[in-house]
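Below: the structure, in structure tokens.
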Amino acid sequence: DMTLAVETLSEKGPGGGGWIEIDSTLAVQTTEGESWSADEEGFSRIYAVGDCNVGGIASPGVAPEEWPIPPIPKISYPGEEEALIACKNICKIDRLVYKGETHDLFGAELKPHAMHWPWGA
């Protein structure tokens, strides 16, 4: 992906690398694992879903099969699951930052949701 800073792009991967690095909430991060798009309150504002990201949650210096979430197939279903998580996180952050809400209608704490392995992928 040529639209993001080089420090957010993988060095390896299909096609020789250049995939967007993400954290567990699907927010863009650097190859060193630092948040790249956090606002002044620490909430990430830029997410990468689908076939633009590295396809898993990387751990620097660890083999891909040992990552917290190993690489996911680059097919449509995982991208749809990732998009849902990212959109819900944007909505939660909006409620936290702009509405001052801290809990949802069921009393659960509002916080960004972490990615999960998309069952069926």
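Bear in mind that the values in this text are calculations on the coordinates, not laboratory data. Computed from a predicted model, the values in this text were never measured in an experiment. Glycine also receives a Cβ, built like all others from the backbone with ideal geometry; neighbour counts cover every protein chain displayed.
With 0.36 nm allotted per residue and the present C-alpha distance subtracted, the Ser59-Glu34 stretch has 7.8 nm of extension available.
In this structure the amide hydrogen of Tyr47, modeled in the peptide plane, comes within under 5 Å of the amide hydrogens of Val28, none closer than 5 places in sequence on its chain. At an R0 of 22 angstrom, the distance between the Cβ atoms of Ala114 and Thr3 translates into a FRET efficiency of 0.30. Taking the centroid of alpha carbons for each part, the range 19-40 and the range 70-87 are 16 Å apart. Two numbers describe the Cα atoms of the chain: Rg and Dmax, which are 14.7, 46 Å.
The angle separating the long axis of helix 76-98 from the principal Cα axis of greatest extent in the chain is about 40 degrees. Cross-link reach is defined here as a Cα-Cα straight distance under 26 Å, omitting same-chain residues fewer than 8 places apart; for Lys111 the lysines meeting it are Lys88, Lys92, Lys99.
Scalar couplings 3J(HN,Hα) for the range 37-45, obtained by applying the Karplus form with A = 6.51, B = -1.76, C = 1.60 to θ = phi - 60°, are 10, 6, 7, 5, 9, x, 8, 5, 10 Hz; x denotes Gly and Pro.
Here the Karplus relation 6.51 cos²θ - 1.76 cosθ + 1.60, evaluated at θ = phi - 60°, turns the backbone of the range 12-20 into coupling constants of 10, x, x, x, x, x, x, 8, 6 Hz, with x for every Gly and Pro.
Annotation: lysines with alpha-carbon distance below 17 angstrom to Lys74 (same-chain offsets under eight excluded): Lys12.
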